[in-house]
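The values are calculated or read from the model by the stated rules, or taken from the named source; none is laboratory data. Model, not experiment: these values are computed from the prediction. All Cβ positions, even for glycine, are placed from backbone atoms using ideal geometry, and neighbour counts span all protein chains on display. Ligands, DNA and RNA are excluded from the accessible area calculation, which covers all protein heavy atoms including side chains. Shrake-Rupley method; radii C 1.70, N 1.55, O 1.52, S 1.80 Å.
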Amino acid sequence: MTQRVELAIVMDRLAVDEVVTEYAVAVDDGNWEAYRKLFAPDGRADYRSAGGIEGNAEQIAGWLAESMRLFAMRQHLIVNRRISFGALDQHTDDTAHVQADYVNPMRFAKEDDSGDTPSTAPDFVCGGRYSFGLLRTDDGWRLTEVVVEEKWRRLPERRPEAVVH
């Protein structure tokens, strides 16, 4: 393998990693226009394992915009990224696949009505694995597929006085 080929592979890995990072930032910041732009024209996402929907980027961005209003704070931590490249129409390295684990602490937007100062700690945390499919386009790497496999979640503990009998 030549240095030029090795450099191209490194540059592609960095570019693919940047798309994954921009995905997390767009969701956390509620920047749905940026979210949509990360996808190829026929790109799709599947959030069904986390109680969501499956659809194209426009449908998913709309659903996320509504769903994420429940949370005043979101912070996707996407780790253990494993990137592999594949061929498209016999052009090597024009597709990429990323598997990455995530932990997503969030804070509900609803204020605590107990009179106490609301905590800033997350009260909803979930984790699992993402599967990202990407395609090299004239505009750079774009998502063709996002699949969320939620493996666990921790919901807030209910206060005893809040339990309905």
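A few points about this structure:
- When D113, D42 are checked against the criterion of being open to solvent by 50 Å² or more (accessible area, probe 1.4 Å), of a type in the set (D, E, K, R) and at pLDDT below 95, D113 stands alone in meeting it.
- Residue within the range 8-20 that is surrounded by 14 or more Cβ atoms within 10 Å (Cβ to Cβ), in a helix (DSSP H, G or I) and without any contact (Cβ under 8 Å) to a residue 40 or more places away in the chain present: no
- A61 vs. criteria at pLDDT 95 or above and outside any loop (DSSP other than H, G, I, E, B): yes
- In the condition set (1) out of contact with any Phe, Trp or Tyr (no Cβ under 9 Å at 6 or more places or on another chain); (2) under 19 Å from L134 (Cβ atoms); (3) at pLDDT 95 or above, V10 is compliant with all but (3).
- If the condition is being among the charged types (D, E, K, R) and surrounded by 18 or more Cβ atoms within 10 Å (Cβ to Cβ), then the range 55-78 contributes only R74.
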